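Everything below concerns the one structure shown next.
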Amino acid sequence: MSKRDVLVGIVRGVLEEWNKAGVRYCVLRNYEFLYDVHAPRGSDLDLVVAPADFVKAVGVLERYGFVAYPAQFSRQHKGYGMYVQSIHEKFGFDIQLGGIHWNDMCYLHGETILENRVKKEWFFVLSAEDALVMFICHSLLGKRFFKEKYQDRVRELASHRLNWEYVEKCLSAVFGGRTSRSFVSSLKVHSYSFLEHKGWGYALWFVLRSPRRWGIMFLLFFRWLRWKRFCHSYPLIAFIGPDGSGKSSNAQQMYELLAKAGRRVSLVYTGRGKGNILPIKRLAGVYKKKEETKGLNLEKSEGSRKSTALQRLLYSLAAPVYTLDLLLRYLFVIFPKRHCRRIVITDRYASDIFVMPHVPLWEKKLLLWFVPTPTLTFYLYNDASVLYSRRKQQSVLELERQMRLYEILVKKFKGVTIKTTNIEADFATMEKVVWEYFLRKRY
């Protein structure tokens, strides 16, 4: 079954249940993919629903697995979405209550368009007159220009036998009598030059014509500021866990999945071994070689050797330096990406510092207090013997020691714990968690 067939099946199921339940609705635009296999499809379907039927409509959506998007600055738009895991795509219903709005200001009233609606295949759409008015108003107010496909729709609709008196009346309520008469006169003689105009002047005139709209725009501005949330950052997804748990491969797979879904995403390694900003790798490498020469490397030993006083001192002094380096990487690499609407996926975020040997736990907890908490954290693990069989870089006892510390770290980050036993099933769980979060936060 193709991706289109899956989505059409979901949409058809919802709308046919709405039909049976008597929900008064009307699909507005970009619905051609529902009956034409060659038509492009978007990620949302725009509709108007009668306020009295909204609860029934939402009940059907929830039974199909749709969840409510968080409220935006516009109060008349209600979004519901779901992630279709079988095709790795998100799809949503963008519902307007009681009419077609631009920024909470109605330009086509719901009772009128629902009375005029017509049935197309198995769902209801706007009448030709209301569709013509919608494309003109949506383009000049909402977009401030005409998309080429909307120009084509206006030309197509204007060629029908229309109730031009009704069209002029609707346009007059938005743009005024003089402008509406000019539009209708041009459309009647198949002149479409006004489609090339920019819409800023029309939008400003629409607002200024009504004192009530002044108040709406005033409130919208402050709601927009709150919704925009200055300095709000996009998600930071962290993969942590001992060697052999699959964190690097799953981080890479998540990166590829989100990139394929059209999301702006970056994969950043944040372990101690590379990508440092401070010049600490060379010094650390010299000391590590000395440890290995003297057989003092706890990570590669059987874990029974005790720390020396010098090791405890040197590692305790090194931990804050590594933490500072991580904070610098966050400030100069991770945060700018998040602030520019880019999802960041990290491998070993803060975990290499927290599982460092020879450093007292109180110091690690103190250093962790300065580290920004990831949006989502996946802690991947398995039995130490299994991890050792996958990657023999660290001893079983050392892996067990690290996992005791990881349990503390994952509680701090409120992460999702996954025992990696099945590659496909494990990643499907992570994929579901990520997209459910995106839907709840409308990323």
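Laboratory data are not the source of any read-out in this text; all were calculated from the coordinates shown. Because the structure is a prediction, the values reported are computed rather than measured. All Cβ positions, glycine included, derive from the backbone under ideal geometry; neighbour counts span all protein chains shown.
Round to the nearest 10 and give me the degree value, 0 to 90, for the angle of helix 211-228's Cα axis relative to the longest principal axis of the chain. Between the helix axis and the principal axis of the chain, the angle is about 20 degrees. Length available on full extension from residue 106 to residue 205: 0.36 nm per residue minus the Cα-Cα distance, which gives 34.2 nm. In the elastic network of the chain, a GNM with C-alpha springs shorter than 10 Å, the most mobile of 377, 323, 308 is 308.
Counting every Cα pair in the range 79-215, what percent are over 18 Å apart? More than 18 Å apart: 59 percent of the Cα pairs in the range 79-215. Here the residues 359, 60, ranked from fewest to most Cβ neighbours within 10 Å of their Cβ, fall in the order 60, 359.
The length gained on full extension between residue 84 and residue 163, counted as 0.36 nm times the residue separation minus their Cα-Cα distance, comes to 24.3 nm. For the range 236-441, the equivalent ellipsoid built from the Cα gyration tensor has semi-axes of 29, 20, 14 Å, listed from largest to smallest. The range 1-73 gives an Rg/Rh value of 0.96, both radii derived from C-alpha positions and Rh following Kirkwood. For the chain, the alpha-carbon coordinates run over 94, 43, 35 Å along the three principal axes, in decreasing order.
In plain terms, the chain from residue 253 to residue 432 could stretch by 63.1 nm, reckoned as 0.36 nm per residue minus the Cα-Cα distance. The base-10 log of I(q)/I(0) for the range 155-194, evaluated at q = 0.25, 0.30, 0.33 Å⁻¹, reads -0.82, -1.08, -1.18 [Debye formula, identical scatterers on Cα atoms, solvent excluded].
Legend: translational diffusion of the range 15-57 by Stokes-Einstein, Rh = Kirkwood radius over C-alpha pairs, 20 °C, 1.002 mPa s; D = 187 µm²/s.
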